[in-house]
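The values are calculated or read from the model by the stated rules, or taken from the named source; none is laboratory data. Everything numeric here is computed off the predicted structure, so don't read it as measured data. For neighbour counting, all protein chains shown are included, and Cβ atoms are generated from backbone atoms with ideal geometry for every residue, glycine included. These area figures cover heavy atoms from the full protein model, side chains too; ligands, DNA and RNA do not enter into them. Shrake-Rupley method; radii C 1.70, N 1.55, O 1.52, S 1.80 Å.
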Amino acid sequence: QVQLVESGGGLVQAGGSLRLYCTASGSMLGIRFMGWYRQAPGKQRDLVASITSGDSTNYADSVKGRFTISRDDTKNTWYLQMNSVKPEDTAVYYCKVFKWPVNYWGQGTQVTVSS
């Protein structure tokens with residue numbers, strides 16, 4: 001079992017920055033993938049950024065060059081640094097880890113970008 005808690009969301013002006021946190025508890029052994037997803041009202045949940053246990057990262061085209069995913073294994077925490085945010089980044093952001101054979105999700109944190 002893995003429990004995930006996101007934090008760091010809030011209201012930010014366009015062009016500003018925000019850092020999201022995903023802190024995990026439970027057994028970390030065997031976690032191979034961690035991703036940040038977002039879901040805007042009326043839209044599907046989409047992958048924003050991901051990082052593997054081998055530190056391979058991947059980003060959605062819409063956030064490349066603006067967002068950075070990273071992790072601190074000593075703190076069981078993953079981060080999403082969001083720079084140059086845009087109103088279209090407004091969504092609930094979720095973290096997910098894959099620990100075979102289960103995907104574990106956090107409860108989400110709201111990010112609202114004002115224009």
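Matching residues to (1) aromatic (Phe, Trp, Tyr); (2) under 28 Å from Gln1 (Cβ atoms):
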residue: Gly15; (1), (2): no, no
residue: Ser25; (1), (2): no, yes
residue: Phe33; (1), (2): yes, yes
residue: Ala49; (1), (2): no, yes
residue: Ser53; (1), (2): no, yes
residue: Val92; (1), (2): no, yes
residue: Gly108; (1), (2): no, yes
residue: Val113; (1), (2): no, no
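Does Trp105 satisfy being of a type outside the set (A, V, I, L, M) and loosely packed, with under 11 Cβ neighbours inside 10 Å? Steps first, answer last, please.
On the way: of a type outside the set (A, V, I, L, M): yes; loosely packed, with under 11 Cβ neighbours inside 10 Å: no.
Considered against the rule, which asks whether it is of a type outside the set (A, V, I, L, M) and loosely packed, with under 11 Cβ neighbours inside 10 Å, Trp105 comes out as no.
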- [ ] Scan the stretch 45-81 for residues that are in contact (Cβ under 8 Å) with a residue 24 or more places away in the chain, open to solvent by less than 30 Å² (accessible area, probe 1.4 Å) and within 22 Å of Gly26 (Cβ to Cβ) and jot them down.
- [x] Ile51, Ile69, Thr77, Trp78, Tyr79, Leu80
Open item on the list: Show the residue pairs meeting these rules: Cβ distance below 8 Å; 6+ apart or different chains; first residue within the stretch 18-44 and assigned to a strand (DSSP E or B); second residue among the acidic types (Asp, Glu) and surrounded by fewer than 21 Cβ atoms within 10 Å (Cβ to Cβ).
Closed with: Tyr37/Asp46; Arg38/Asp46; Gln39/Asp46
TODO: Would you tally the residues in the stretch 11-41 being farther than 14 Å from Trp105 by Cβ, of a type outside the set (S, T, N, Q) and at pLDDT 95 or above?
DONE: 10
